[in-house]
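Just so it is clear, none of the values below were taken in a lab; they were calculated from the coordinates. Note that the structure is a prediction, hence the values are computed from the model and not measured. Here the Cβ positions follow ideal geometry from the backbone for every residue, glycine too, while neighbour counts run over all protein chains shown.
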Amino acid sequence: MTNTPSDPTATAAALPGRPPVTDLATWQAARDELLVREKAHTHEGDAIAAARRRLPMVEFDGTVEVVGPDGPVPFLDLFEGRDELVVYKHMWYDGAPHQGQCEGCTTTAWHLKDAVYLNARGVSFAVVTTGPWDEVADFVEFMGYTQPWYSVRDVAGPAGGDMGYLTSYLRDGDRVFLTYSTTGRGTERANGSLGLLDMTPYGRGEAWEDKPDGWPEGNVPCWSWRSDADGNASWGPTSRPVPQWTRPDATPVQTLGRHGPHH
């Protein structure tokens, strides 16, 4: 049995930086009101997805070579015989140690380790980056990534190009087409943790979020991207991308590598 406080306002006053306490009926009414907005958001997302399916596409040379664990292979191989392909384009800093690679890309790739459901729907998944393959291979082994990675160093056009993007491709026999591309916050859909954090009282804990007065102050996005060994958000000299702290060889470090903060 749940005890309901006789004076919710008084209880809330004793809980600074937390949602006000109320009875279940009042909570349900507020929840139902928000649900109307959530459903509208969902339906608008469906409409955007429908428009996305109606975008034109760009054909390019699918025989262009990328480099993977078996050496140079045509981009067509990334489809693994399927007709659709999703690729995450991981930023890369040449010569940087593991902890010096892009924290945002490292975190995104960490959430994309299992493509079983995509494969079951006829969609393949791969990660590409501009790093030299020997460096990339060491990083992939260290992180324990299970999805295929390829180097697109010096590869121009839709198969390579700028990094930090999610891209979609379609294959028709030996013909290959770019159908969709997004970057910035458009890549958030690949990071399921962000969506779950958005459902929590304090959200992502980032400075840009709209929060009630008295809520814990937010930090820059490195809160979920990069931290020190104690979990403090930091681009400091002993920080590294958050997913790396789960790896056996991830120890405190004294350098970020050859690049500075990346926002």
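Observations
- Electrostatic dipole magnitude of the range 53-189 [Cβ: Lys, Arg +1; Asp, Glu -1; Cα centre; debye, to 20]: 720 debye
- Rounded to 5, the percent of DSSP beta bridges in the range 34-128 classed as antiparallel: 40 percent
- GNM result for the chain, Cα springs below 10 Å: residue of Ala126, Ala233, Ala156 fluctuating most strongly: Ala156
- The calculated pair-distance distribution of the range 154-211 uses every alpha carbon pair, bins of 5 angstrom beginning at 0, and gives 4, 15, 18, 17, 13, 11, 9, 8, 4, 2, 0 percent.
- Computed from backbone phi, the HN-Hα couplings of the range 114-130 come to 10, 10, 4, 5, 4, 4, 5, 9, x, 10, 8, 9, 8, 10, 10, 7, 8 Hz, rounded to whole numbers (Karplus: 6.51 cos²θ - 1.76 cosθ + 1.60, θ = phi - 60°; Gly and Pro given as x).
- Loop sites here are trypsin sites (Lys or Arg not before Pro) outside DSSP states H, G, I, E and B with no more than 16 other Cβ atoms within 10 Å. The longest part of the chain free of them is 122-257.
- Spread over its residues, the convex hull of the C-alpha atoms of the chain is 170 Å³ per residue.
- The charge dipole of the chain, taken about its Cα centre with unit charges on the Cβ of Lys, Arg, Asp and Glu (plus for the first two, minus for the last two), comes to roughly 360 debye.
- Taking the chain, the Cys residues with no second Cys beta-carbon under 4.7 angstrom are Cys222.
- Counting only DSSP beta bridges with both residues in the chain, the antiparallel share comes to about 70 percent.
- Of all lysines in the structure, those lying under 23 Å Cα to Cα from Lys89, and not within fewer than 8 positions of it along the same chain, are Lys113.
- Taking each DSSP H run with n ≥ 4 as -39500 (n - 2.57) and averaging over every residue of the chain yields -8000 deg cm²/dmol at 222 nm.
- Fraction of antiparallel bridges per DSSP, the range 53-189 only, in percent to nearest 5: 70 percent
- Of the residues His43, His98, His111, the one that moves most in a GNM of the chain with alpha-carbon contacts below 10 Å is His43.
- Under the criterion of Cα pairs below 8 Å and six or more residues apart, the relative contact order for the chain equals 20 percent.
- The alpha carbons of the range 53-189 give a radius of gyration and a Dmax of 14.0, 42 Å, in that order.
- Using a Gaussian network model of the chain in which every pair of alpha carbons under 10 angstrom is joined by a spring, one finds that among Leu24, Leu76, Leu196 the greatest mean-square fluctuation is at Leu24.
- Neighbour-count ranking [beta-carbon atoms within 10 angstrom, fewest first] of Met199, Met163: Met199, Met163
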